[in-house]
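Let me begin by presenting the structure, written as structure tokens, before commenting on it.
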Protein chains: 2
Amino acid sequence: MSEHSKVPSVEASELAKKLSESGLRLTSQREHVFHVLRAQTDHPTADEVYLRTKAEMPEISMATVYNTLDALVRCGLVKQVNVDRAATRFCCNMEDHCHFYCEECGWVHDIELSGGIRDFPIRMPRDLSARQLDISIRGACRNPGDCNRKSAGSS
Amino acid sequence: MSEHSKVPSVEASELAKKLSESGLRLTSQREHVFHVLRAQTDHPTADEVYLRTKAEMPEISMATVYNTLDALVRCGLVKQVNVDRAATRFCCNMEDHCHFYCEECGWVHDIELSGGIRDFPIRMPRDLSARQLDISIRGACRNPGDCNRKSAGSS
DNA sequence: GTCAATAATTAGAATCATTCTAATTTTAAA
DNA sequence: TTTAAAATTAGAATGATTCTAATTATTGAC
Ligand SMILES: [Mn+2]
Ligand SMILES: [Mn+2]
Ligand SMILES: [Zn+2]
Ligand SMILES: [Zn+2]
């Protein structure tokens, strides 16, 4: 209920730093979107980010959300995750990890890697240079009937 | 130039078998689409499959290509691959493997796994049951300038 | 502080892959 | 044959994302 719902600035400094490293400005919209991403550990779609940010900042536009997500990905603060043919999802956990996607309820979950991503048993051809490795696992949250089916991505 | 360009039936038997196992019929369209997928080791988009199949069978429709690809995936003859936000691609290599995606030219390449997919260093939470593991690697084909940039997916 | 240049934001249109719909054709059984 | 189910088709609809053109905010000289 407090009127001056300012975004906490613990992250603002890191955000400003990373943005400026990429020649980008720190704006209120970018701050809000980043805050929204950090507020929950789920993997919202652009549209979900839009709705949540709009709650804090009603005048923000969808275009800005897309632009901002793109900016955050470009300056290394957010990862892009692709699960199936559904909407691209975004993740602000920058540790090496992979994604679990529940086919029952749509929930996306981070899964740690026990070793470094380096020692994966992949035989990489010499003529290919890898920049990024993405691992996604699809399955079910729990025994069928247990997970919150069809209620994906609500806040 | 030969008039009776029939699809080779080496694969037709396997196709018919797998289809019937899923309660699906073997049709000429399905045979052609499957043949098109096997003819090249690249990873065509639905649209590319459509164009190639159309060359063999001019009356086929886009809807049928989508339906057929879906049928082939459902009966375990084709894998669906998702690279970035681009069009979904399809693969008829059913071995455990991962995909390399060249960010320069759009080429998608299969990469073998040296070990089984089982012994990957992933710490799987007990309350999650995995059905499928997808690994995609993005990078560049060769030293920048060498790969056939911007000429993805041509036949 | 003013001004120009640049960056960011905005609404809405455009694009593009995919799915849906409703009508028609084919196939398999009875 | 007749009939029912399955498959195919053209085209419309959907939905995520990108593009466009106009407006607003920042920045850095001056
Ligand atoms: Mn994540
Ligand atoms: Mn493949
Ligand atoms: Zn679930
Ligand atoms: Zn390449």
Residue hits (segment A:30-86; farther than 25 Å from A:Cys98 by Cα and basic (Lys, Arg)) are A:Arg30, A:Lys54
Can you find a residue that is assigned to a loop (DSSP other than H, G, I, E, B), at pLDDT below 85, away from ligand 1 (no atom under 16 Å from the Cβ) and under 26 Å from B:Val49 (Cβ atoms) anywhere in segment B:115-129? no
Among strands (runs of 3 or more DSSP E) entirely within segment B:56-105, at least 3 residues that are within 15 Å of ligand 2 (Cβ to nearest atom), more than 12 Å from chain A (Cβ to nearest Cβ) and surrounded by 19 or more Cβ atoms within 10 Å (Cβ to Cβ) occur in none
Mind listing just one residue for me: the one in segment A:68-107 that is closer than 25 Å to B:Asp119 by Cβ and out of contact with any Ser or Thr (no Cβ under 9 Å at 6 or more places or on another chain) and, of those, nearest to DNA strand C (Cβ to nearest atom)? A:Glu103
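Can you name the residue in segment B:107-123 that is aliphatic (A, V, I, L, M) and more than 7 Å from chain A (Cβ to nearest Cβ) and is also nearest to B:Gln40 (Cα to Cα) among such residues?
Applying the first criterion (aliphatic (A, V, I, L, M)) to segment B:107-123 yields B:108, B:111, B:113, B:117, B:122.
Narrowing the set further to residues that are more than 7 Å from chain A (Cβ to nearest Cβ) leaves B:108, B:117.
On the way: B:Val108: 12, B:Ile117: 25 Å.
Only one residue tops the list, namely B:Val108.
The values are calculated or read from the model by the stated rules, or taken from the named source; none is laboratory data. Every value quoted in this text rests on a predicted model; they were computed, and no experiment measured them. Here Cβ is always computed from backbone atoms with ideal geometry, including for glycine, and neighbour counts include all displayed protein chains.
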